[in-house]
């Protein structure tokens, strides 16, 4: 990103460890779901967070939103340190940080009609001074996500999956947030509906000057919507860079393996499929040195003994690999 861009979210050395409670364990152990993660998020951009299931993507974004209190590290949102703030002190900040969940069937309260669902965030955060203003804003939000105002008195179960996700997006917009975290927002939708929802998110970002963190394990979706991409493996970011850097000039062996699995459309040259051997190690007992070394065909003795540091490849493109450091 350009150096004059404002940093909206600054994360440094973030850790989110969960204790493992067992009478059989002599020494207390932890699930190291997020382990020493650092990144910047700039105003107006979409940062993608990608990786296999279980790599820590969802835990990372929940920690950044302070839905979880971090074990350690710093989270600075819009100039305020929020990692250790108490819940009461977080309340004024929460309206500026919203989330769109993966499952539109579970994220909307089925007991409430659409109008009430969209009005509730405004009431809690005292967005509008009167019921008339709230109703006007509800209508405006429905129009923004292409849902007819005639449906304001319908319940969530009366809508399709794509329509429900549009309503969930409208709910996230109700507090006029600066940051919206999209946690796999299209993975539960039909393929035919995904592009419509992604295009809606892009249009809203431009018209409302929004900043997104977009979490997905689908690299084709990440490529379509994101400006920059962070690749996670076993609780760590192993590579981060612009969309072009990640998809055309990827440096880390894990990133290359992920990209080789993306199906190509007819006429495109298929890259050689990279098959990763073995299973993802347990986050309770991650490998020493490089966390990816147990599945990497290039691993050396140094990889087992020493954790690789992020190597600067230029223009904000960074990767953590000893082979890159040698180059």
Hits in region 82-112 - residues which are touching a helix residue (DSSP H, G or I) at 6+ places or on another chain (Cβ under 8 Å), surrounded by 18 or more Cβ atoms within 10 Å (Cβ to Cβ) and part of a loop (DSSP other than H, G, I, E, B): 82, 95, 101, 108
Those residues of region 303-326 which are at pLDDT 90 or above and not in a loop (DSSP other than H, G, I, E, B), in sequence order: 303, 304, 305, 310, 311, 312, 318, 319, 320, 322
Selection count, region 292-314, where residues are touching a strand residue (DSSP E or B) at 6+ places or on another chain (Cβ under 6 Å) and either surrounded by fewer than 16 Cβ atoms within 10 Å (Cβ to Cβ) or farther than 20 Å from residue 247 by Cα (or both): 2
Qualifying residue in region 228-243 (condition: more than 14 Å from the chain's Cα centre (by Cα), within 16 Å of residue 41 (Cβ to Cβ) and in a helix (DSSP H, G or I)): yes
Residue ID - surrounded by the fewest Cβ atoms within 10 Å (Cβ to Cβ), chosen from residues in region 55-69 that are more than 8 Å from residue 232 (Cα to Cα) and within 13 Å of the chain's Cα centre (by Cα): 62
The lone exception for residue 317 - which of (1) in contact with a helix residue (DSSP H, G or I) (Cβ under 7 Å, 6 or more places away or on another chain); (2) in contact (Cβ under 8 Å) with a residue 60 or more places away in the chain; (3) surrounded by fewer than 16 Cβ atoms within 10 Å (Cβ to Cβ) it fails: (3)
Restricting region 287-302 to residues that are part of a helix (DSSP H, G or I) and in contact with a helix residue (DSSP H, G or I) (Cβ under 6 Å, 6 or more places away or on another chain), the residue that is nearest to residue 322 (Cα to Cα): 302
Unique residue being under 20 Å from residue 229 (Cβ atoms) and surrounded by fewer than 16 Cβ atoms within 10 Å (Cβ to Cβ) when the list is 40, 72, 36: 36
Sole residue being touching a strand residue (DSSP E or B) at 6+ places or on another chain (Cβ under 9 Å) and either over 14 Å from residue 46 (Cα atoms) or touching a residue at least 40 places away in the same chain (Cβ under 8 Å) (or both), chosen from 284, 262: 284
Some residue of region 27-47 being outside any strand (DSSP E or B) and without any contact (Cβ under 8 Å) to a residue 24 or more places away in the chain: yes
Output for region 248-258, where each listed residue is surrounded by fewer than 18 Cβ atoms within 10 Å (Cβ to Cβ) and either within 15 Å of the chain's Cα centre (by Cα) or touching a residue at least 12 places away in the same chain (Cβ under 8 Å) (or both): 249, 256
Breaking point among (1) over 21 Å from residue 210 (Cα atoms); (2) touching a strand residue (DSSP E or B) at 6+ places or on another chain (Cβ under 8 Å); (3) in a helix (DSSP H, G or I), for residue 74: (3)
Residue, farthest from residue 284 (Cα to Cα), within region 1-16, restricted to residues that are touching a strand residue (DSSP E or B) at 6+ places or on another chain (Cβ under 6 Å) and modelled with pLDDT under 95: 5
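The values are calculated or read from the model by the stated rules, or taken from the named source; none is laboratory data. Quick caveat: nothing in here was measured; it's all calculated off a predicted structure. No Cβ is skipped: glycine too gets one built from the backbone with ideal geometry, and neighbour counts run over all protein chains shown.
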